[in-house]
Amino acid sequence: MRKLDVPSWLREPPSWLVLTSLLVLWQVATWVFKPAPFLLPDPISVGRALIANPTMYLVNAYYTTANTLIGFGLSVIIGFGLALGIVYSRFLESTVYTTLVAINSMPKVALAPLFVVWMGTGNTSKIAMAFLIAIFAIVIDAVLGLRTLDTEIVDLGRSMRGSPLKLLWKIRLPNALPSLFAGMKVAIGLSLVGVLVGEFVSAQHGLGYVIMAAQGAFDTPRVFVAILLLSVLGTLLFKSLEFIERRVIPWHVSQRAVSH
Amino acid sequence: MTMDRNEVVSGENPHIRIQGVSKIYASPRGDVLALTDATLDIQKGEFVSLLGPSGCGKSTLLKMVGGLDSVTTGAISLAGAPIDGPPVGLGMVFQKDVLLDWRTVLQNVMLPVELQNLDHAEHLDRATTLLKLFGLGDFLDKHPWELSGGMRQRVAICRALVTDPSLLLMDEPFGALDALTRDELNLELQDIWMRSGKTIIFVTHSISEAIMLSDRICVMAARPGRFIEIIKIDFPRPRTLAVRETPEFADYTRRVRQIFESNGVFQHEKA
Ligand SMILES: Nc1ncnc2c1ncn2[C@@H]1O[C@H](COP(=O)(O)OP(=O)(O)O)[C@@H](O)[C@H]1O
Ligand SMILES: [Mg+2]
């Protein structure tokens, strides 16, 4: 039996087409079912809400982005440092790593109110949340990456009489990069969630703050604008990391199809 | 009873002394006796093969000589000093090629140079020359995953040779190659050995490869891993592939086969 002649844009529709169709569907649904605007606004009024005050959204998105990036950056630097310590020291492994794994099992968002008490309602408590929620993914994946080394590669390095530092720099570190990137791609999304939770609890700016304020005023279109901006932000952060990954580890199996 | 096995060895000060070496691996399912009571003296510049079925302790012995693993009993010394970690002037080729994916072919070959802080420019020339010699001149900037298995193994050999080591330990380096490539690399290896005077310990389970290359063959058996007999191979050098068609070669082959048979290596053939 021959396959039907389906055009390629329909067999494998591009993402812009899917998203536009969803918007149209949403618009049509609100016309047909006429829900109360504070329950489900239509896309056009959401668009109007955005256009009415773009600077306000931009400023708030800036705070959320900056805090996410700072918290994420700290979690990468400190998390990777910890992972190195854990891999090279039995003591740190049995103290720090055990503690981290234990803390990881608790829902970290529960700490957000406490952080506001400790660090105030400013940026610090948001950065701390982003950091805390992201660092586990970094440490766990970095430890995995640093540890997972073929015994034959270990033997090879030793047979060449490399110093421990050189072996770390030339073999163990590059070998850990794919796993570290996997951890970072999870952590970047978690950082954004961390900042958002912090902003929900108490804040003067940020997209989470916009959502809380608009919800208090039953201004649902504004809530929707903030949610849409957050998903755009999340996607951008993730894609930027993927972009960096392609440049840093073009040699890895996961990247070869892309780079060749 | 192991002493008389070394009667073929002449010379006063052997370069490598392996004396009554045993290795026991502790594993959850009990101890494994990987090698028992191995004794062998190797002269400087000698080419010695370890020949035996898998599991007879060839890799284990090679690792102990390379200082990557400790002996359980006995002693190994190199140039009079006991082995304590990988010695200076060691080159190793492993059973797997263990190339690093993030490095190009040339960078992989340069790895030991970088790890040992040797002169970069001088060795870069040497690396390029070696790679060209092994037919990889057009692949210097390729990554390992872009190469065939045979090419990868050649890169691994170049990497072991780039520092011009005086001791070369090779663990089934040609095991995964097709017969033609294997012949070619055997000749290449003999050339390099004859020109440089390296001491080579070469692990293989190919009888003809061992006869073709070695000054002496150390025939081994498994369960427990042990030396059965050491055979001196008396062909002039350089040996060509044609040597394999001589009656003497057939005699050596027969002799090794009989040693294996009488030690139960080819059990299923008797059944
Ligand atoms: N790290 C190890 N732990 C436990 N047993 C091992 C280890 N390495 C080798 N062995 C065992 O020792 C024996 C000899 O192994 P090996 O030296 O690799 O043999 P060969 O290289 O001749 O095939 C085998 O029975 C093997 O299972
Ligand atoms: Mg082996």
Checklist line | B:Thr181 being in contact with a strand residue (DSSP E or B) (Cβ under 7 Å, 6 or more places away or on another chain), more than 13 Å from chain A (Cβ to nearest Cβ), of a type in the set (Ser, Thr, Tyr) and in contact (Cβ under 8 Å) with a residue 12 or more places away in the chain | finding: no
Margin query: Quick check on my filter: what residues within the stretch B:187-228 are within 16 Å of ligand 1 (Cβ to nearest atom) and among the acidic types (Asp, Glu)?
Written below: B:Glu209
Note to self: Just checking, does the stretch B:106-125 include any residue being more than 16 Å from ligand 1 (Cβ to nearest atom), within 22 Å of the chain's Cα centre (by Cα) and outside any helix (DSSP H, G or I)?
What the structure shows: no
Next item on the list: Quick one: which residue in A:Gly79, A:Gly47 is modelled with pLDDT of 95 or more and open to solvent by less than 70 Å² (accessible area, probe 1.4 Å)?
Entry: A:Gly79
Check: Does A:Glu199 qualify as being outside any loop (DSSP other than H, G, I, E, B), within 14 Å of chain B (Cβ to nearest Cβ) and either open to solvent by less than 80 Å² (accessible area, probe 1.4 Å) or closer than 30 Å to B:Lys142 by Cβ (or both)?
Finding: no
Check: Filter the stretch A:136-164 for residues that are outside any helix (DSSP H, G or I) and more than 7 Å from chain B (Cβ to nearest Cβ); which is farthest from A:Leu92 (Cα to Cα)?
Finding: A:Ser163
Check: So B:Asn117 clears everything in (1) open to solvent by 50 Å² or more (accessible area, probe 1.4 Å); (2) away from chain A (no Cβ under 14 Å) except one condition, right? Which one?
Finding: (2)
Next item on the list: Within the stretch B:247-266, identify whether any single residue is among the basic types (Lys, Arg), over 15 Å from the mean Cα position of the chain (by Cα) and not in a helix (DSSP H, G or I), and answer yes or no.
Entry: no
Next item on the list: Could you tell me whether any residue of the stretch B:173-194 is within 22 Å of A:Ile171 (Cβ to Cβ) and either polar (S, T, N, Q) or assigned to a helix (DSSP H, G or I) (or both)?
Entry: no
Check: Could we say that A:Arg247 is part of a loop (DSSP other than H, G, I, E, B), within 14 Å of chain B (Cβ to nearest Cβ) and either more than 23 Å from the chain's Cα centre (by Cα) or at pLDDT below 95 (or both) here?
Finding: no
Next item on the list: Can you work out which of the residues in the stretch A:165-190 that are open to solvent by less than 20 Å² (accessible area, probe 1.4 Å) and either in contact with a strand residue (DSSP E or B) (Cβ under 9 Å, 6 or more places away or on another chain) or of a type in the set (Val, Ile, Thr) (or both) is farthest from the other protein chains (Cβ to nearest Cβ)?
Entry: A:Ile188
Margin query: Looking at the stretch B:34-83 only, could you name the residues that are over 13 Å from the mean Cα position of the chain (by Cα), assigned to a strand (DSSP E or B), away from ligand 1 (no atom under 12 Å from the Cβ) and of a type in the set (S, T, N, Q)?
Written below: B:Thr39, B:Thr73, B:Ser77
Checklist line | Subset of the stretch B:16-60 that is open to solvent by less than 60 Å² (accessible area, probe 1.4 Å) and within 14 Å of chain A (Cβ to nearest Cβ) - its residue that is farthest from ligand 2 (Cβ to nearest atom) | finding: B:Thr60
Next item on the list: Return yes or no: is B:Met92 under 15 Å from the mean Cα position of the chain (by Cα), within 12 Å of B:Thr163 (Cβ to Cβ) and within 16 Å of ligand 2 (Cβ to nearest atom)?
Entry: yes
Checklist line | Given (1) within 30 Å of A:Thr99 (Cα to Cα); (2) open to solvent by 20 Å² or more (accessible area, probe 1.4 Å), number of the condition A:Gly71 does not satisfy | finding: (2)
Next item on the list: Report, by residue number, each residue of the stretch B:221-271 that is within 23 Å of B:Gly55 (Cα to Cα) and among the polar types (S, T, N, Q).
Entry: B:Thr253, B:Gln258, B:Ser262, B:Asn263, B:Gln267
Next item on the list: Could you check how many residues of the stretch B:161-194 are away from ligand 2 (no atom under 16 Å from the Cβ) and either at positive phi or not hydrophobic (A, V, I, L, M, F, W, C) (or both)?
Entry: 13
Next item on the list: Filter the stretch B:134-193 down to residues that are basic (Lys, Arg) and more than 23 Å from B:Leu100 (Cβ to Cβ), then give me how many there are.
Entry: 1
Next item on the list: Go through the residues of the stretch B:130-148 one by one and say whether even a single one is over 24 Å from the mean Cα position of the chain (by Cα), touching a residue at least 12 places away in the same chain (Cβ under 8 Å) and at the interface with chain A (Cβ under 9 Å from one of its Cβ atoms).
Entry: yes
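The values are calculated or read from the model by the stated rules, or taken from the named source; none is laboratory data. These numbers were taken from a predicted model, which means no experiment stands behind them. No Cβ is skipped: glycine too gets one built from the backbone with ideal geometry, and neighbour counts run over all protein chains shown. The accessibility values were calculated without ligands, DNA or RNA, using every heavy atom of the protein model including side chains. Shrake-Rupley method; radii C 1.70, N 1.55, O 1.52, S 1.80 Å.
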